[in-house]
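A.B. asks: Have a look at the structure that comes next, please.
The values are calculated or read from the model by the stated rules, or taken from the named source; none is laboratory data. None of the values given here were measured: they were computed from a predicted structure. Reconstructed Cβ throughout: ideal geometry from the backbone, glycine too, with neighbour counts over all protein chains shown. Ligands, DNA and RNA are stripped out before the accessible areas are found, and what is left, the full protein with its side chains, is counted by its heavy atoms. Shrake-Rupley method; radii C 1.70, N 1.55, O 1.52, S 1.80 Å.
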Amino acid sequence: MRSEQEAIRAIERYSDTVRRLCLLHLKNDADTEDIFQTVFLKYVLSSVSFQDEEHEKAWFIRVTINACKDLLKSFFRSHTVSLEEVMEQPAQLSPDHRDVLDAVLSLPPKYRNVVYLHYFEDYTAPQISRILHKNVNTIYTLLTRSKQMLRERLGGDGYEF
């Protein structure tokens with residue numbers, strides 16, 4: 001395991017190269033940050049001794065490219081669909097489902113997250129409170145308020161939550 005000073009020196013020296021490579025391959029800021037952290041964590045945990053700076057730089061480039069390729073071919077990435085793609089495919093959703101999806105997406109983020117975790121991922125309020133680092137009663141309140149907002153947006157009590 002490398003020292004903190006070695007890690008800081010490596011980040012100062014290679015951060016731009018790693019970020020540029022990630023953006024080139026992934027075209028996504030969030031994934032770029034994930035791979036950036038992964039690469040430098042691998043560096044800190046590795047016991048590789050480098051012959052010179054060029055060898056070290058080549059190692060960073062190779063590890064970055066491999067990490068990007070691994071992310072791009074991961075099961076999760078190849079078996080998910082973004083919300084934007086779902087929104088662009090209204091023909092595949094029944095009108096009732098489309099209305100519900102639009103209503104859920106129109107909620108403020110704090111309500112949307114709780115609704116998603118509860119109804120789509122089947123988490124309980126205590127589990128959601130641990131995930132979001134909020135009080136359990138706060139989660140119950142957010143669920144109650146989001147149900148009310150959804151009823152109002154969907155036009156009454158025709159929908160069961």
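A.B. asks: Give me a count of the residues in the stretch 1-32 that are open to solvent by less than 70 Å² (accessible area, probe 1.4 Å), at pLDDT below 90 and not in a helix (DSSP H, G or I).
C.D. replies: Qualifying residue count, the stretch 1-32: 1.
A.B. asks: Restricting the search to the stretch 100-156, which residues are surrounded by fewer than 17 Cβ atoms within 10 Å (Cβ to Cβ), of a type in the set (Val, Ile, Thr) and modelled with pLDDT under 85?
C.D. replies: Answer for the stretch 100-156, where residues must be surrounded by fewer than 17 Cβ atoms within 10 Å (Cβ to Cβ), of a type in the set (Val, Ile, Thr) and modelled with pLDDT under 85: just Ile131.
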